[in-house]
Amino acid sequence: MTGKGSPCYDVNLMDKVNFPVLITNFKTYESATGIEALKLAKIHESVAAEFGVNFAVCPQVVDIWMVASEVQIPVFAHHFDAVTHGQFTGHILPEALKMAGADGSLLNHAEKRIPFQQIAESIKRAREVGFFTLVCARDIEEAQKIAELKPDAVAIEPPELIGGDISVSTASPDIIKKAVEVIKGIPVIVGAGVKTGEDIKIALKLGAKGVLVASGVTKAKDPRKVLVDFAKALSSCPA
Ligand code: G3P
């Protein structure tokens, strides 16, 4: 085992997520499932090391152990539940994710939305476990409400741009600017439709601390080439 995954769970061992960061959400894309998830995570790791930038990956929960066992970059889950050890069949226990090597999790992604109360309870549970929470919001209003719960980072992704070819940086630079203005003391990450280094540069110049991407990488013919473009953009905009 060469990565972070370890059967030993220690509540004090919270890996640091550094900024600016590019987080690739593997969703359930075939190109990012099972062994392909591992290959893609390794490409992220090697490009991140080559350019000295912060990349993180977000594979499916079932792939976390394998991926986290083999790479050193931060690994996020798509989601977890605010449950504890016990009678919670079918739920995702944050302690189990951490034992599998995850450093944190997305919450409330546009494709896995949860009620506000559940977000609050999940953030509380994550704190107990020492788990990084990146909570997603559809718009500024929701992001502000979520920010009051003090997650480790807030991600804004306009749902209508997710999976498309027009990026949040091009279509909605104002939402990035405004989010950075109103959300104080919590890193703002943005995503949706990001395909190029230029998209990343715009987001970071407007004050975002990172970018969430999926199809730009998972559907790319040559993901390494895309990641190199992203890495150059990240390295030109230090935190
Ligand atoms: O979580 C990232 C995501 O929703 C953005 O997806 O395909 O627009 O980069 P995509």
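The helix-only estimate of mean residue ellipticity at 222 nm for the chain, built from DSSP H runs of length n ≥ 4 each weighted as -39500 (n - 2.57), is -11500 deg cm²/dmol after division by the residue total. The length gained on full extension between T84 and I140, counted as 0.36 nm times the residue separation minus their Cα-Cα distance, comes to 17.0 nm.
A Förster distance of 22 Å, applied to the separation of the beta-carbon atoms of D222 and T170, puts the FRET efficiency at 0.45. Residues of segment 74-110 with amide nitrogen under 14 Å from the 7 Å Cα-to-Cβ point of E160? Taking a point 7 Å out along Cα→Cβ of E160, no residue of segment 74-110 has its backbone N under 14 Å.
Computed over segment 90-181, the range of Cα coordinates on each principal axis works out to 39, 27, 21 Å, biggest value leading. Restricting segment 132-196 to GluC sites (Glu not before Pro) that sit in a DSSP loop and have at most 13 other Cβ atoms within 10 Å of their own Cβ leaves E148.
Relative contact order for segment 25-85: 35 percent, from Cα pairs under 8 Å spaced at least 6 residues apart, divided by residue count.
Atom-type composition of the exposed protein surface of segment 21-234 places 53 percent of the accessible area on carbon and sulfur (1.4 angstrom probe).
For the chain, the longest stretch holding no trypsin sites (Lys or Arg not before Pro) located in a DSSP loop with at most 12 other Cβ atoms within 10 Å is which? Longest stretch, sites excluded: 17-111. If you take the beta carbon distance between K39 and R113 as r and set R0 to 35 Å, what does 1/(1 + (r/R0)^6) give as a FRET efficiency, to the nearest 0.05? For K39 and R113, the calculated efficiency is 0.70. At 4 °C and a viscosity of 1.567 mPa s, what translational diffusion coefficient does Stokes-Einstein give for segment 152-239, taking Rh as the Kirkwood radius over Cα pairs? Give it in µm²/s as a whole number. The calculation lands on 101 µm²/s. Given their separation in residues at 0.36 nm each and the Cα-Cα distance between them, K205 and E181 gain 7.3 nm when the chain is fully extended. Among the protein heavy atoms, those of V67 account for about 0 Å² of accessible surface (1.4 Å probe, every chain in place).
Divided by 2.2 N^0.38 Å, where N counts the residues, the Cα radius of gyration of the chain comes to 0.93. Applying 0.36 nm per residue to the separation of E198 and S31 and subtracting their alpha-carbon distance, the gain on full extension is 57.7 nm.
What residues of segment 151-194 lie in the reach of a label at A120, counting those whose backbone N is under 14 Å from a point 7 Å from the Cα along Cα→Cβ? From segment 151-194, the list is 151.
Springs between Cα atoms under 10 Å define the GNM used for the chain, and in it the highest mean-square fluctuation of T28, T89, T218 occurs at T89.
The values are calculated or read from the model by the stated rules, or taken from the named source; none is laboratory data. Note that the coordinates shown come from a computational prediction; the quantities given were computed from them, not determined experimentally. A quick note on method: Cβ atoms are made from the backbone with ideal geometry, for glycine too, and the neighbour counts reach across all protein chains shown. Areas reflect the complete protein model, heavy atoms only, side chains present, ligands, DNA and RNA absent. Shrake-Rupley method; radii C 1.70, N 1.55, O 1.52, S 1.80 Å.
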